Structures are given as C-alpha cells and as structure tokens.
1. Full-extension gain between Thr62 and Cys1, please, as 0.36 nm times their residue separation minus the C-alpha to C-alpha distance.
2. Considering only lysines 8 or more places apart in sequence, or on different chains, count the pairs in the chain whose C-alpha atoms sit under 20 Å apart.
3. First compute the accessible area of the chain with a 1.4 Å probe, then give the percent of it belonging to carbon and sulfur atoms.
4. Please state the Cα pair-distance histogram of the chain with 5 angstrom bins from zero: what percent is in each bin?
5. Hey, what's the chain come to in accessible area per residue, 1.4 Å probe, Å²?
6. How much length would be gained if the chain were fully extended between Lys11 and Glu111, taking 0.36 nm per residue of separation minus their Cα-Cα distance, in nm to one decimal?
7. In whole percent, what relative contact order does the range 18-111 give with Cα contacts below 8 Å and a gap of six or more residues?
8. Kindly rank 73-85, 100-112 from highest to lowest mean number of other beta carbons found within 10 Å of each residue.
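The values are calculated or read from the model by the stated rules, or taken from the named source; none is laboratory data. Keep in mind that what you see is a predicted model, and the values were worked out from it rather than measured. Backbone-built Cβ (ideal geometry, glycine too); neighbour counts: all protein chains shown. Only protein heavy atoms, including side chains, enter the accessible area calculation; ligands, DNA and RNA are left aside. Shrake-Rupley method; radii C 1.70, N 1.55, O 1.52, S 1.80 Å.
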Amino acid sequence: CLTFHYDITVKNLIKAFGLKGKHNISVAQSINGANLTKWLRHVTVGIKINDLRSKHPVTGQTILQDSHSAQSRDLCFPLKIAMTPENTQIYEEFSDLFEYFETSDFQVSTEADMSAVW
C-alpha cells in the first residue's frame, strides 16, 4: 500500500481550504476501486472536502454553493492506495484509516460505489 501521513495531509488540506480553526468541519471518507488494465487494479481511500464553508485554495472563492455544486474529482484526496482487486478482504487493510476518521473531530460521512457495500 501507498500510505500518506494522515494527520499531516489532512491538516494541510484543512488549512488550504480555509477551514483551519473552524468547528464541525464536514468531510467524507471516499472509497473507490478501478481497473487500471486488464490485470492491474487498485482500491483508494481518501478524504473529500465537502464543508460548505470551504474556499478554493488559490482564488479564495467559496467552492460549494450547495452539496452538489462541485465535482468530486476536484475535492477528493487519496490517503491510502492498494494495488489489488476490490473485495471485502481488502477493507481490513484500510482499518487504520477508518479508525482515524472514527476518532477525528470531523463530521464524517462515507461515499462509495455499490461494490464497496457488500
């Protein structure tokens, strides 16, 4: 697995999106797998910034006018990547990241496609 340092990465994202010092920050843990080639697959778990108070890191403009106004690909950041097929066993590999979110001060939701809801 390729693992980013959770605390450092998340703190930098919170700061970049203008949420440092704010309370009840809303984020989602985002889970997805995909075929890269016929024989090579990956599963990625990351954080999605979905707080309505977030600001674009460069322009400073509000990113989200409502919960559906931005593309997920622009607000999702990987925290852990496994080069493996998506199945129920692989989610044990991500248990430390799930625990990180469970014990955080964020308001956390989960976003996943149907294959992750086995």
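1. Details: separation 61, 0.36 × 61 = 21.96 nm, distance 3.39 nm.
Stretched fully, the Thr62-Cys1 segment lengthens by 18.6 nm.
2. Summing the qualifying lysine pairs gives 12.
3. Numbers: 3870 of 7500 Å².
Result for the chain: 52 percent of the exposed heavy-atom area is carbon or sulfur.
4. Taking all Cα pairs of the chain, the binned fractions are 2, 11, 21, 24, 18, 13, 8, 3, 0, 0 percent.
5. Working: 7500 Å² over 118 residues.
Ligands and nucleic acids excluded, the result is 64 Å² per residue.
6. Details: separation 100, 0.36 × 100 = 36.00 nm, distance 2.06 nm.
In short, 33.9 nm is gained.
7. Working: 153 pairs, mean separation 34.6, N = 94.
Computed value for the range 18-111: 37 percent relative contact order.
8. Numbers: 73-85: 15.7, 100-112: 14.2.
With the highest mean Cβ count within 10 Å placed first, the list reads 73-85, 100-112.
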